[in-house]
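Visitor: Next up is a structure, given as structure tokens.
The values are calculated or read from the model by the stated rules, or taken from the named source; none is laboratory data. In this text, all values refer to a predicted model and were calculated from it rather than measured experimentally. Glycine gets a Cβ as well: all are built from the backbone with ideal geometry, and neighbour counts include every protein chain shown.
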Amino acid sequence: MTKVKICGITNLVDAMRAVEAGADALGFIFVEGTPRFVTPAAAGSVIRALPPFVTAVGVFWNHPAGHVKAIAESCGLGALQFHGDEPPEDLAGYTLPVIKTLKVARAGDLAPMDGYAVAAFLLDSPERWSEGEVRRPIQWALAREAATRGRIILSAGLTPANVADAIGTARPWGVDVNSGVEARPGEKDPVKLRDFIAAAKQA
């Protein structure tokens, strides 16, 4: 069954709704100046309330290793996601599972997969952080090619309406959604949240 990560969690209500709907992981964005930035203190209070077997994933962008490790320890993160230009050697020193984001617009954008020793790759669109609009999907056929080379988490432009088709085409290990289940940036829509997770799990 496809794993589901709900990213951009900023509060306990959304976190619990996602968990109750069947989410496997929640993403907390520690990138300052972005629409869904959450402080380590706020994220930690949510993470400590999560039930067992739900993974808290910290999202970082070109942050120093010391900063990442300090937040991971203080919040109780279960995995790390790197969204910036981090080279393979910078991601080799972490004890937690590492997810590396690749910005995918064409087949050549999958080339870095050969250089990273990580737990999974998250395939995202090249656009920067969404201000609330749903992002354009990447080519799902490219994601399927990537899935033959490693563990893939499909992101970008996923919604309750298209996630089943995306999974059917790309065959990813997991899917990741943020703006596609929001009422507004940083606040999830409970109906979209429930429908997305149900569609992904039934695909």
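Visitor: Is at least one residue of the range 131-148 surrounded by fewer than 22 Cβ atoms within 10 Å (Cβ to Cβ) and part of a strand (DSSP E or B)?
Guide: no
Visitor: So which residues in the range 149-190 are outside any helix (DSSP H, G or I) and more than 21 Å from Ala120 (Cα to Cα), if there are any at all? Spell out how you get there, then give the answer.
Guide: If we filter the range 149-190 for residues that are outside any helix (DSSP H, G or I), which is where we start, we get 149-162, 171-178, 182-189.
Once the filter is applied, which keeps residues that are outside any helix (DSSP H, G or I) and more than 21 Å from Ala120 (Cα to Cα), the range 149-190 yields Thr159, Pro160, Ala161, Asn162, Glu182, Ala183, Arg184, Pro185, Gly186, Glu187, Lys188, Asp189.
Visitor: Hey, does the range 191-203 have a residue that's part of a helix (DSSP H, G or I) and either touching a Leu at 6+ places or on another chain (Cβ under 6 Å) or aromatic (Phe, Trp, Tyr) (or both)? Write out each step before concluding.
Guide: Restricting attention to the range 191-203, the residues satisfying the condition of being part of a helix (DSSP H, G or I) are 191-202.
Going one step further and asking which of them are either touching a Leu at 6+ places or on another chain (Cβ under 6 Å) or aromatic (Phe, Trp, Tyr) (or both), we end up with 196.
Yes: one or more hits.
Visitor: What's the total number of residues in the range 175-190 that are in contact with a helix residue (DSSP H, G or I) (Cβ under 9 Å, 6 or more places away or on another chain), surrounded by fewer than 22 Cβ atoms within 10 Å (Cβ to Cβ) and either touching a residue at least 12 places away in the same chain (Cβ under 8 Å) or not acidic (Asp, Glu) (or both)?
Guide: Pass one, the range 175-190, residues in contact with a helix residue (DSSP H, G or I) (Cβ under 9 Å, 6 or more places away or on another chain): 175, 177, 180-183, 185-190.
From the residues that got through so far, the ones that are surrounded by fewer than 22 Cβ atoms within 10 Å (Cβ to Cβ) too are 183, 185-187, 189-190.
Imposing the further condition that a residue be either touching a residue at least 12 places away in the same chain (Cβ under 8 Å) or not acidic (Asp, Glu) (or both) reduces the set to 183, 185-187, 190.
Result for the range 175-190: 5.
Visitor: Going through the range 1-53 one residue at a time, which ones are basic (Lys, Arg) and either more than 20 Å from Pro97 (Cβ to Cβ) or surrounded by fewer than 20 Cβ atoms within 10 Å (Cβ to Cβ) (or both)? Walk me through it before giving the result.
Guide: Applying the first criterion (basic (Lys, Arg)) to the range 1-53 yields 3, 5, 17, 36, 48.
If the condition is that a residue be basic (Lys, Arg) and either more than 20 Å from Pro97 (Cβ to Cβ) or surrounded by fewer than 20 Cβ atoms within 10 Å (Cβ to Cβ) (or both), then Lys3, Arg17, Arg36, Arg48 are the ones that fit.
Visitor: Can you pull out every residue in the range 152-166 that is surrounded by fewer than 24 Cβ atoms within 10 Å (Cβ to Cβ) and at pLDDT 95 or above?
Guide: Kept after step one, since they are surrounded by fewer than 24 Cβ atoms within 10 Å (Cβ to Cβ), are these residues of the range 152-166: 157, 159-162, 164-165.
If the condition is that a residue be surrounded by fewer than 24 Cβ atoms within 10 Å (Cβ to Cβ) and at pLDDT 95 or above, then Thr159, Pro160, Ala161, Asn162, Ala164, Asp165 are the ones that fit.
Visitor: Give just the number: which of (1) among the aliphatic types (A, V, I, L, M); (2) under 20 Å from Lys100 (Cβ atoms); (3) touching a helix residue (DSSP H, G or I) at 6+ places or on another chain (Cβ under 9 Å); (4) surrounded by fewer than 21 Cβ atoms within 10 Å (Cβ to Cβ) does Ala56 not satisfy?
Guide: Result: Ala56 passes all but (4).
Residues are listed down the side, and each one gets a yes or a no for (1) more than 21 Å from Asp124 (Cα to Cα); (2) touching a residue at least 40 places away in the same chain (Cβ under 8 Å):
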residue: Lys3; (1), (2): no, yes
residue: Met16; (1), (2): yes, no
residue: Ala21; (1), (2): yes, yes
residue: Gly27; (1), (2): no, yes
residue: Val31; (1), (2): no, yes
residue: Thr34; (1), (2): no, yes
residue: Gly44; (1), (2): yes, no
residue: Phe60; (1), (2): no, no
residue: Lys69; (1), (2): yes, no
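Visitor: Something else now. Check Ala79 against each of (1) under 14 Å from Ile9 (Cα atoms); (2) surrounded by 13 or more Cβ atoms within 10 Å (Cβ to Cβ); (3) at pLDDT 95 or above and name the one condition it does not meet.
Guide: (1)
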